[in-house]
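Comments concern the structure below.
The values are calculated or read from the model by the stated rules, or taken from the named source; none is laboratory data. Quantities reported herein were computed from a predicted structural model and do not represent experimental measurements. Cβ placement follows ideal geometry from the backbone for every residue including glycine, while neighbour counts extend to all protein chains displayed. We work out accessible area using only protein heavy atoms, side chains counted, and drop any ligands, DNA or RNA first. Shrake-Rupley method; radii C 1.70, N 1.55, O 1.52, S 1.80 Å.
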Amino acid sequence: MNRRNFMGIAASAASSLAFKASVHGMWQEKTPSVYPDPAIEIIDPRFAKYRVPNAAIERLYTGARWAEGPVWFGDGRYLLFSDIPNNRILRWLEETGEVSVFRSPANNSNGNCRDRQGRLVTCEHDSRRVTRTEYDGSITVLVDQFQGKKLNAPNDLAVHSDGGIWFSDPGYGIMSNYEGHKAAFELPANLYRIDPTTREVAIVASDMQKPNGLCFSPDEKRLYVADSGIAKQPGDPQPIRVYDVENGTRLTNGRMFANMAPGLADGIRCDADGNVWASAGWAGTASFNGVHVFAPDGKLIGKIHLPEICANLCFGGAKRNRLFMAASQSLYAVYVDAQGAQMP
């Protein structure tokens, strides 16, 4: 079965379960948005060109418990995103705005992405594994252990152009029964790579408290990783780290790229210009919540303010210039004059 058939099956299955978002509390603005949207803040002049003056932030859906892991399927014109505590993956359809249940139960799925063949790759908390959804809808387990020990709870992932799958394993899914099931840690919180040919798994970084969201620079010479571990001492940084990528298989020269304190970053994505768009929250102040944008030199250049803590994000739409943001109970989107670097 080819990818087109897979997309058709997925769309049909989701449509059969579709529900009108308006029936389930889709938020609609009662007053027109002001242009330019004041919630899109220019901090450094370099960010000005990325703001579309007559584009506003939209809430596409609300009704999740903790929305995560958005991934765009351009060939189907839909977005998938996880609702971890509700144990489901949801699908938002661009053409109609409808939201449907794509998969339930979903093993408390968290991060999602697509491999270079367009297949869905998912981090599952409850099953403590990374899986791939084949074109016929069947599920292949890519990894669920390392050196004979169970993974903690894979969290987020990125795919290199060579097909290697890089994923983080901080273990949030086994820290309580809310997003998985409570269990003992058998491994440290590591960052791993799955070899695309041999399927061998290797640790590529072990110097973070809680490696979380990750993304490659457009040229894949650098890997950015958000460390969402709680600072050990007041005033300690809450870093987004950056590493040099050697031969597409290993990391060197790990260092701090940006400091998210007093809050932290979760999911992150690069645009085609090399800027890092980071979800932001947990600072204790509403003004911190949303997306923080960093230039390649690590300087904060802009913010997208949201009324909820943002967990993850991705670029999508026909031109990869629509930023989708999974934020607490809701899904938001805004058009920007930037294009996502992540492929496909």
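Assess whether Pro196 counts as being more than 18 Å from the chain's Cα centre (by Cα), over 27 Å from Phe315 (Cβ atoms) and not hydrophobic (A, V, I, L, M, F, W, C).
Against the criterion (more than 18 Å from the chain's Cα centre (by Cα), over 27 Å from Phe315 (Cβ atoms) and not hydrophobic (A, V, I, L, M, F, W, C)), Pro196 does not qualify.
Tally up the residues in the range 217-235 that are open to solvent by less than 20 Å² (accessible area, probe 1.4 Å) and in a strand (DSSP E or B), please.
5
Which condition number does Tyr335 fail, the rest of (1) more than 17 Å from Asp156 (Cβ to Cβ); (2) open to solvent by less than 10 Å² (accessible area, probe 1.4 Å); (3) outside any loop (DSSP other than H, G, I, E, B); (4) in contact with a Leu (Cβ under 9 Å, 6 or more places away or on another chain) being met?
(2)
Output yes when any residue across the range 178-188 is in contact with a helix residue (DSSP H, G or I) (Cβ under 6 Å, 6 or more places away or on another chain), open to solvent by 30 Å² or more (accessible area, probe 1.4 Å), part of a loop (DSSP other than H, G, I, E, B) and among the acidic types (Asp, Glu), and no when none is.
yes
Of the conditions (1) more than 13 Å from Asp169 (Cα to Cα); (2) assigned to a loop (DSSP other than H, G, I, E, B); (3) polar (S, T, N, Q), Thr140 fails just one. Which one is it?
With (1) more than 13 Å from Asp169 (Cα to Cα); (2) assigned to a loop (DSSP other than H, G, I, E, B); (3) polar (S, T, N, Q) applied to Thr140, the lone miss is (2).
Tally the residues that are over 18 Å from Gly97 (Cβ atoms) and of a type outside the set (S, T, N, Q), restricting the search to the range 315-335.
Result for the range 315-335: 3.
Report the residue count in the range 163-177 for those that are open to solvent by less than 10 Å² (accessible area, probe 1.4 Å), within 19 Å of Gln209 (Cα to Cα) and either outside any loop (DSSP other than H, G, I, E, B) or among the small types (Gly, Ala, Ser) (or both).
7
Can you pull out every residue in the range 206-216 that is in a loop (DSSP other than H, G, I, E, B) and either more than 20 Å from the chain's Cα centre (by Cα) or aromatic (Phe, Trp, Tyr) (or both)?
Passing the criteria: Ser206, Asp207.
Could you please give the count of residues in the range 61-72 that are more than 15 Å from Ala327 (Cβ to Cβ) and either among the small types (Gly, Ala, Ser) or open to solvent by 30 Å² or more (accessible area, probe 1.4 Å) (or both)?
Selection size over the range 61-72: 0.
What number of residues within the range 139-162 satisfy the criterion of being open to solvent by less than 10 Å² (accessible area, probe 1.4 Å) and of a type outside the set (A, V, I, L, M, F, W, C)?
Result for the range 139-162: 4.
Give the range 44-87 a look and list any residue that's small (Gly, Ala, Ser) and assigned to a loop (DSSP other than H, G, I, E, B), or say none.
Within the range 44-87, Ala55, Ala56, Gly63, Ala64, Gly74, Gly76 qualify.
Return the residues of the range 114-129 that are open to solvent by less than 30 Å² (accessible area, probe 1.4 Å), of a type in the set (D, E, K, R) and assigned to a loop (DSSP other than H, G, I, E, B); say none if nothing qualifies.
Result: Asp115, Arg128.
Condition first: among the aliphatic types (A, V, I, L, M), open to solvent by 40 Å² or more (accessible area, probe 1.4 Å) and assigned to a loop (DSSP other than H, G, I, E, B). Now tell me which residues in the range 236-293 satisfy that.
Result: Ala261, Ala272.
Filter the range 46-62 down to the residues that are over 17 Å from Asp271 (Cβ atoms) and free of Cβ contacts under 8 Å to residues at least 40 places away in the same chain and list them by number.
Those that are over 17 Å from Asp271 (Cβ atoms) and free of Cβ contacts under 8 Å to residues at least 40 places away in the same chain: Pro53, Asn54.
Out of the residues in the range 73-113 that are open to solvent by 10 Å² or more (accessible area, probe 1.4 Å) and hydroxyl-bearing (Ser, Thr, Tyr), state the one that is farthest from Cys215 (Cα to Cα).
Only one residue tops the list, namely Thr96.
Name the one entry in Gly298, Gly302, Gly290 that is within 21 Å of Trp66 (Cα to Cα) and not aliphatic (A, V, I, L, M).
Residue meeting the stated conditions: Gly290.
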